Amino acid sequence: MTYFRRTFKKISKVISKNSIKLIKSLEYRKYRLVHQLFLAEGNKMVTDLLRSRIKIRTIIGTPEFLQGLNEQEIRGIELTEAMGDEIRNASLLRNPQDALAICHIPEDSGTLPDPSRNLVICLDNIQDPGNLGTIVRIADWFGVMHVVCSPGTADIFNPKAVQATMGSIGRVKVSYFPLAEWLGNAAAEGNFIAGTFLGGENLYSTELSPAGILVMGNEGKGISEEVVPFIGKRIHIPSFSADNNHAESLNVAMATAVVCSEFRRRYQ
């Protein structure tokens with residue numbers, strides 16, 4: 001054992017076999033649910049999460065990384081010192097950095113956002129964890145603090161999704177809820193609800209709203225039939241290609257960024 005910055009904070013110098021087994025298991029949703037834990041990897045990711053609402057259980061890092069941490073931010077967190085080879089052995093990444101963290105999955109209060117006051121992103125059966133994580137990062141960039149997902153959407157605590165958020169998972173709340181029920185209530189209350197469709201109105205000329213719900217559909221199938229009836233505004237991102245020989249569509253994360261940018265451009 002060694003001492004941390006002349007305080008009584010001790011650092012373990014061995015990654016136990018049980019810790020490695022736990023880390024590897026967090027690749028799978030079944031075990032994330034059992035342990036109520038998820039894995040976050042990367043120097044910036046770990047330091048961002050230290051300053052967020054996410055509670056970290058354990059940080060494993062190189063001596064240099066651990067020595068650079070703020071003592072106030074690491075109170076109550078288990079610290080394990082490890083060399084690069086040890087981190088590579090424990091990591092789920094092909095090219096890990098100097099740190100990883102085992103984090104507690106935050107408890108979902110069940111409170112959904114108020115679309116009459118805020119812009120909310122709603123994800124309908126997004127399947128790719130990378131797309132999901134990137135959309136959460138996009139939401140963070142454009143000041144959208146809550147993303148509501150259908151139960152069929154990928155798990156935000158999947159390591160690939162966490163990695164794609166680049167730390168935004170600690171700032172943007174992600175909830176899972178049956179969309180038809182929530183959107184039905186939101187529509188009945190007169191909230192603005194927009195969704196992306198190939199045959200929708202031109203994003204840049206149609207009327208939008210400073211608050212409301214933006215629905216983004218599945219990568220291949222688009223917005224599901226059970227959700228379509230609640231979409232009051234169908235929008236489309238036009239192509240500016242000189243001819244008709246262009247990409248069929250945009251990646252859902254790219255499309256989310258384009259639409260959010262237009263919302264914010266009009267209503268800063």
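As a rough footprinting exposure proxy, the listed residues TRP182, TRP141 were ranked by other beta carbons within 10 Å of their own, and the order from fewest upward is TRP141, TRP182.
Using a cutoff of 8 angstrom between alpha carbon atoms and counting only pairs six or more residues apart, the relative contact order for the chain works out to 18 percent. Note that the chain, at 37 °C in a medium of 0.692 mPa s, gets a Stokes-Einstein diffusion coefficient of 164 µm²/s from its Kirkwood radius over C-alpha pairs. Label zone of ARG57 (point 7 Å out along Cα→Cβ, amide N under 20 Å): in the range 94-118 this covers 99-109. Bridging of LYS44 to aspartates and glutamates at a Cα separation below 13 Å is possible for ASP98, once same-chain residues fewer than 8 apart are set aside. According to the calculation over all Cα-Cα pairs in the range 119-266, the P(r) per 10 Å bin from zero is 12, 44, 35, 8, 0 %.
Direction-averaged projected area, Cα convex hull, the range 194-241: 3.9 nm², rounded to one decimal.
When LEU183, LEU198 are arranged by Cβ crowding within 10 Å, least crowded first, meaning fewest neighbours, the order is LEU198, LEU183.
If you take the alpha carbon atoms of the range 2-104 and fit the smallest convex hull around them, that volume is 94 Å³ per residue. Charge dipole (Cα centre; +1 on Lys/Arg Cβ, -1 on Asp/Glu Cβ; no other charges) of the chain amounts to roughly 1160 debye. By the count of neighbouring beta-carbon atoms within 10 Å, fewest first, HIS104, HIS146 end up ordered HIS104, HIS146.
Every read-out reported here was derived from the displayed coordinates using simple, explicitly stated rules and does not represent laboratory data. Predicted, not measured: the structure shown is a model, and the values here were computed from it. Don't worry about glycine lacking a Cβ; one is built from the backbone with ideal geometry, like all the others, and counts go over all protein chains shown.
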